[in-house]
Amino acid sequence: MFAMPAETHTARSTPASDFVRIEAAALLDLALRLDTTMHAPFTSAVDLLLAVSATQRIFVTGIGKSGIIA
């Protein structure tokens, strides 16, 4: 098993559980927006992808943090 250097363990300022809580809060916020302001645009985007994917391939690329577009 791979062991991380001791300084890596102590250098972290945010425990793993905090990371999970932060991500959970972001997902909850996204879920709330999908129920309200983002419902129509999200549904339109999914409908477009489904229509195109019936006859063509879809390639999705990007750079950066996924949260920026969520």
On a 1.4 Å probe surface of the protein chains, which of 35, 29 comes out largest in accessible area, and what is the full order?
35, 29
Could you tell me the accessible area of residue 19 in Å² (1.4 Å probe, neighbours in place), rounded to the nearest ten?
120
Can you send over the solvent-accessible area of residue 21, 1.4 Å probe, protein chains only, in Å² to the nearest 10?
150
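The values are calculated or read from the model by the stated rules, or taken from the named source; none is laboratory data. Note that the structure is predicted; figures quoted are calculated from it, not measured. The protein model used for the area step is the full one, side chains on, heavy atoms only, and it has no ligands, DNA or RNA in it. Shrake-Rupley method; radii C 1.70, N 1.55, O 1.52, S 1.80 Å.
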